[in-house]
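The values are calculated or read from the model by the stated rules, or taken from the named source; none is laboratory data. On a predicted model such as this, the values are computed, not experimentally measured, just so you know. Quick reminder, even Gly has a Cβ in these numbers, built from the backbone with ideal geometry, and neighbours come from all protein chains shown.
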Amino acid sequence: MQKVARKRLGPELASGRVHLLQGSVECIPLPDHCIDGVFHSNCHLYWPDMATATAELFRVMTPGARMLATCDLGFLHHGVEQGFFKGVTVEPEPYMQALRAVGFLGVSMEDLTDEGKSFQVIYATSPPPSTTENS
């Protein structure tokens, strides 16, 4: 995934507009509200505490920032049938519910195709700044 992202985001990476981080969301030390957008792939499968992980995403994202999470449910279901992913929830709904529970808005999923391969994308947006907050 890193290789594909580096290839596709080459100019943005070179300009410093985009940074790729790899690691567990709970363990990447980032200050509050410092991320303008998040993309991750299949990560929710491996989060032992989905509530903590989604709360951490919420904490580091700037108000109004978008989050995209991709997964290939066909591949994941095939893996379950083959005996992989034991004890892991591959279904996206618990993850989507956790996103909603911490306050993400517009949580939805869409089926997409790229280069003949189908996959799913989960979208979510951190809430905009409250209009009642004092600056």
Residue list for region 1-30, filter: within 14 Å of the chain's Cα centre (by Cα) and of a type in the set (G, A, S): G23, S24
Selected residue (only one of R6, R17 is surrounded by fewer than 16 Cβ atoms within 10 Å (Cβ to Cβ), among the charged types (D, E, K, R), free of Cβ contacts under 8 Å to residues at least 60 places away in the same chain and part of a loop (DSSP other than H, G, I, E, B)): R17
Criterion (in contact with a helix residue (DSSP H, G or I) (Cβ under 7 Å, 6 or more places away or on another chain) and either of a type in the set (G, A, S) or under 12 Å from A124 (Cα atoms) (or both)) met by exactly one of M67, M61: M67
Answer residue from region 84-135, given it is over 21 Å from F58 (Cα atoms), hydrophobic (A, V, I, L, M, F, W, C) and under 18 Å from the mean Cα position of the chain (by Cα) and is modelled with the lowest pLDDT among those: V88
Meets criteria (of a type outside the set (A, V, I, L, M, F, W, C), under 21 Å from C34 (Cα atoms) and touching a residue at least 24 places away in the same chain (Cβ under 8 Å)) for P92: no
Residue in region 30-48 that is more than 22 Å from L105 (Cβ to Cβ), of a type in the set (A, V, I, L, M, F, W, C) and either touching a Leu at 6+ places or on another chain (Cβ under 8 Å) or assigned to a strand (DSSP E or B) (or both) present: yes
Where a residue in region 50-73 is surrounded by fewer than 18 Cβ atoms within 10 Å (Cβ to Cβ) and its partner, wherever it lies, is in a strand (DSSP E or B) and among the basic types (K, R), with Cβ under 9 Å and at least six apart: D72/K117
Qualifying residue in region 113-129 (condition: out of contact with any Phe, Trp or Tyr (no Cβ under 7 Å at 6 or more places or on another chain), free of Cβ contacts under 8 Å to residues at least 12 places away in the same chain and not in a loop (DSSP other than H, G, I, E, B)): yes
